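A quick write-up on the structure given underneath.
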Amino acid sequence: MSRVRMTAAQRSEQVLTAAVAAFCESGYAGTTTDDIARRSGVSQPYVIRLFGSKEQLFLAAVHRVCDRIEEIFRAIAENRRTTTDPVELLAGLSAGYAEILDERELVVVLLHGMAASSHPAIGVAVRARYGEIYALVKQLTGATPDLVTRFFETGMLLTVMAAMQVIGPGAVPADWAREITETLNAEAAQPHRDTEVTV
């Protein structure tokens with residue numbers, strides 16, 4: 001049986017998928033292009049030929065996870081087109097945040113990007129993408145800045161908890177995490193709140 005040769009685009013996608021997983025696990029500083037090459041089954045020089053440098057590959061990983069987060073938010077908003085109420089629309093995005101947390105790599109790579117933002121090129125990209133996600137939530141919901149800020153406050157709390165693996169798939173039990181999620185769910189259950197978050 002002959003092996004099917006992958007196109008350069010397919011190889012690039014394979015390497016980027018491996019990079020997202022590697023950066024999720026070890027962060028920017030702790031990941032090498034050798035690690036990514038081993039994960040993707042190609043040589044280290046080939047990784048560099050595709051992406052130029054570890055920094056460029058990390059930036060591609062950050063863009064990939066931010067694109068996916070935006071894709072999830074857009075899909076949720078599209079499914080809630082029957083309402084124009086900003087609070088209800090924000091509540092829908094909040095409930096859908098569980099989908100983002102289910103793809104743990106999304107939030108962890110974004111956190112690693114924030115942590116590596118002292119690197120000039122990384123900082124520029126991460127600040128721009130986070131701002132774009134903020135603007136997208138405002139655009140999709142029509143919510144006021146104070147409501148969107150509350151949404152992002154809670155989202156960041158959930159992101160950090162997911163990174164610590166106390167919520168999401170394979171969560172490690174922790175009493176304090178259970179208390180926080182119960183509190184957030186109780187808030188979401190109250191009618192006519194400014195914002196709602198479902199975990």
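The values are calculated or read from the model by the stated rules, or taken from the named source; none is laboratory data. Note that this is a predicted model, so its numbers are computed, not measured. Heads up, the Cβs are rebuilt from the backbone with ideal geometry, glycines too, and the neighbour counts pull from every protein chain shown. Ligands, DNA and RNA are stripped out before the accessible areas are found, and what is left, the full protein with its side chains, is counted by its heavy atoms. Shrake-Rupley method; radii C 1.70, N 1.55, O 1.52, S 1.80 Å.
Report, in debye and to the nearest 20, how large the dipole of the chain comes out about its Cα centre when Lys and Arg carry +1 and Asp and Glu carry -1 on their Cβ. Can you show the working numbers first?
Numbers: 19 positive and 24 negative charges, 207 e Å.
Result for the chain is approximately 1000 debye, rounded to the nearest 20.
Using a 1.4 Å probe and counting only protein heavy atoms, arrange K54, K138 so the residue with the most accessible area comes first. Show your work: numbers first, answer last.
Working: K54 50, K138 75 Å².
From most exposed to least exposed: K138, K54.
Using the Cα centre of the chain as origin and beta-carbon charges of +1 (Lys, Arg) and -1 (Asp, Glu), tell me which of I36, F23, Y46 is placed farthest towards the positive end of the dipole.
So the residue furthest toward the plus end is Y46.
What's the extension gain from V124 to E25 if we count 0.36 nm per residue and subtract their Cα-Cα distance?
Working: separation 99, 0.36 × 99 = 35.64 nm, distance 2.27 nm.
Residue separation times 0.36 nm, minus the Cα-Cα distance, leaves 33.4 nm.
Classify segment 1-77 from the C-alpha gyration tensor, please: rounded if a/c falls under 1.5, else prolate or oblate depending on whether a/b exceeds b/c. Intermediate values should be presented prior to the final figure.
Values: a/c = 2.22, a/b = 1.31, b/c = 1.69.
Because a/c hits 1.5 or more and a/b fails to exceed b/c, segment 1-77 counts as oblate.
Please work out how much accessible surface R64 shows to a 1.4 Å probe, ignoring ligands, DNA and RNA, in Å² rounded to 10.
80
Classify segment 72-199 as rounded, prolate or oblate from the Cα gyration tensor: take a ≥ b ≥ c as the square roots of its eigenvalues, call it rounded if a/c is under 1.5, otherwise prolate when a/b beats b/c and oblate if not. Could you put the intermediate results ahead of the total?
Working: a/c = 1.90, a/b = 1.11, b/c = 1.71.
Cα axes put segment 72-199 in the oblate bin.
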